[in-house]
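Some notes on the structure that comes next.
The values are calculated or read from the model by the stated rules, or taken from the named source; none is laboratory data. Since the model is a prediction, treat every value here as computed from it, not as a measurement. A quick note on method: Cβ atoms are made from the backbone with ideal geometry, for glycine too, and the neighbour counts reach across all protein chains shown. Areas reflect the complete protein model, heavy atoms only, side chains present, ligands, DNA and RNA absent. Shrake-Rupley method; radii C 1.70, N 1.55, O 1.52, S 1.80 Å.
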Amino acid sequence: MVYDGRINEGLIAHTDSDWAGNPIKRQSTTGFFASLASGIVCWQSHLQKTVALSSTEAEYMAMSDTCRQITWIQSLFQELGYDLVPTPICGDNQGSIFIRSNPVQERRTKHIDIHYHYIRECIKDGKVSVYFVPGNENPADMFTKNLGAIDFLRFRKHFRIKFLDDKSSA
């Protein structure tokens, strides 16, 4: 892993999900990673606990899981004496971004479990901010689906991993 403190890049997270990717139980997969100084500090890929009724719900659940991890990292940094600005969380679903910023319960989203709305509180408290990134540019895809070699090589630069056969810099 390579961390580059000269680029002045703070904590940032990317999140994604596949919708109903598990062929048997139809659960979605959450995937996310957080990086600091262009080096990955945490990552996770797991099946969601409940079945999402839409791709928007699956993405919102993934965004909420990511937010909980970011909040823990922020707490650690605060204990070490560092003050952090709101951490950007980048996702590729406009609907999930809209739900997190719109506290009005709509008919189609009122079934979403309350604990997934934790992200609203974090945004209100200035802990995180959420941004859209197009799906084909979301490096968190690596954690939710099988990628072809071209996409894998394109996304691996986000992790600044130096492979044994790689002669160039990460």
Exactly which GluC sites (Glu not before Pro) in region 1-76 are in a DSSP loop and have at most 14 other Cβ atoms within 10 Å? Glu9
Over 28 Å (Cα to Cα) among Lys25/Lys124; Lys25/Lys145; Lys25/Lys127 -> Lys25/Lys124; Lys25/Lys127
Could you please put Val128, Val51 in sequence from largest to smallest accessible area, using a 1.4 Å probe? Val51, Val128
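How many times 2.2 N^0.38 Å is the alpha carbon radius of gyration of region 46-104? Walk me through the numbers before you get to the answer.
Details: Rg = 13.7 Å, N = 59, 2.2 N^0.38 = 10.4 Å.
Expressed relative to 2.2 N^0.38 Å, the Cα Rg reads 1.32.
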If only Cα atoms are counted, what is the Rg of region 1-91, and what is its Dmax, in Å? 14.8, 47
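Where in region 4-44 are there trypsin sites (Lys or Arg not before Pro) that are in a DSSP coil and have at most 14 other Cβ atoms within 10 angstrom of their Cβ?
Here the trypsin sites (Lys or Arg not before Pro) that fit, given the DSSP loop and packing criteria, are Lys25, Arg26.
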From Cα pairs below 8 angstrom and at least 6 apart in sequence, can you work out the relative contact order of region 1-93, rounded to a whole percent? 31 percent
